């Protein structure tokens with residue numbers, strides 16, 4: 001990781017490389033902000049974080065401190081070390097895309113995590129299609145007993161962070177979720193996308 005701190009404006013994304021054993025934090029700078037975290041092997045970009053396989057191994061709907069985050073090849077990519085937020089976090093939702101905002105009554109030009117992933121990874125001269133699924137940090141979408149999701153406002157406060165250690169050389173992409181329109185009547189971000197930070201520790 002070249003810089004020890006990378007700031008991510010609201011509605012945008014950033015990518016960085018980390019070496020094995022690097023520890024980093026994803027910080028919610030102002031509170032109430034979802035961070036889509038994509039994890040890709042720096043050695044082979046066809047290996048990336050798999051929410052489905054991670055859930056199979058940890059046998060839980062979402063990872064927590066002490067868990068590994070697994071790749072689509074069943075190899076540990078990250079260790080989840082610490083979490084100062086109240087959670088929850090999500091490992092079920094794909095990144096938002098233009099069609100998502102059309103469905104919400106917006107239009108295809110709305111900023112979205114899919115396009116922000118493409119832009120961020122392109123800054124490293126890497127092309128990955130389609131984007132892998134993210135670990136949606138601070139996203140308050142909890143599965144109910146009947147199988148539906150309950151959408152809630154993001155509960156993280158300014159300065160809350162999650163901390164991980166790289167178990168291989170990885171590329172981390174973080175996008176500041178752009179969902180500033182109500183979902184199921186809930187303004188998950190309080191109506192706007194706000195900054196995040198990646199910090200090497």
Subject >> Computed over segment 5-200: relative contact order in percent, which uses C-alpha pairs under 8 Å that are six or more apart >> reply: 44 percent
**OP:** Sticking to Cα atoms, compute the Rg of segment 5-200 to one decimal and its Dmax as the biggest Cα-Cα distance, whole number, in Å.
**Re:** 15.4, 44
Original post:
Calculated FRET efficiency, residue 60 and residue 201, Cβ-Cβ r, R0 25 Å, to nearest 0.05?
Top reply: 0.45
Subject >> Calculated log₁₀ intensity ratio I(q)/I(0) where the Debye formula runs over C-alpha points of segment 71-169, q = 0.12, 0.15, 0.20 Å⁻¹ >> reply: -0.54, -0.85, -1.34
**OP:** Report P(r) for segment 1-105: all Cα-Cα distances, bin width 10 Å, range 0 to the bin holding the largest distance, values in whole percent.
**Re:** 11, 41, 38, 9, 0
Original post:
Can you give the Rg to Rh ratio for segment 36-88, taking only C-alpha atoms and Rh from Kirkwood?
Top reply: 0.97
Original post:
For the pair residue 184 and residue 17, what calculated FRET efficiency results from E = 1/(1 + (r/R0)^6), where r is the Cβ-Cβ distance and R0 = 45 Å, to the nearest 0.05?
Top reply: 0.75
**OP:** Could you let me know the centre-to-centre spacing of segment 9-26 and segment 32-108, using Cα atoms, in angstrom?
**Re:** 14 Å
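Read-outs throughout are calculated quantities, based only on the coordinates presented, and are distinct from any laboratory measurement. Since we're looking at a predicted model, the values are computed, not measured. Methodologically, a virtual Cβ is constructed for each residue, glycine included, from the backbone with ideal geometry; neighbour enumeration extends over all protein chains shown.
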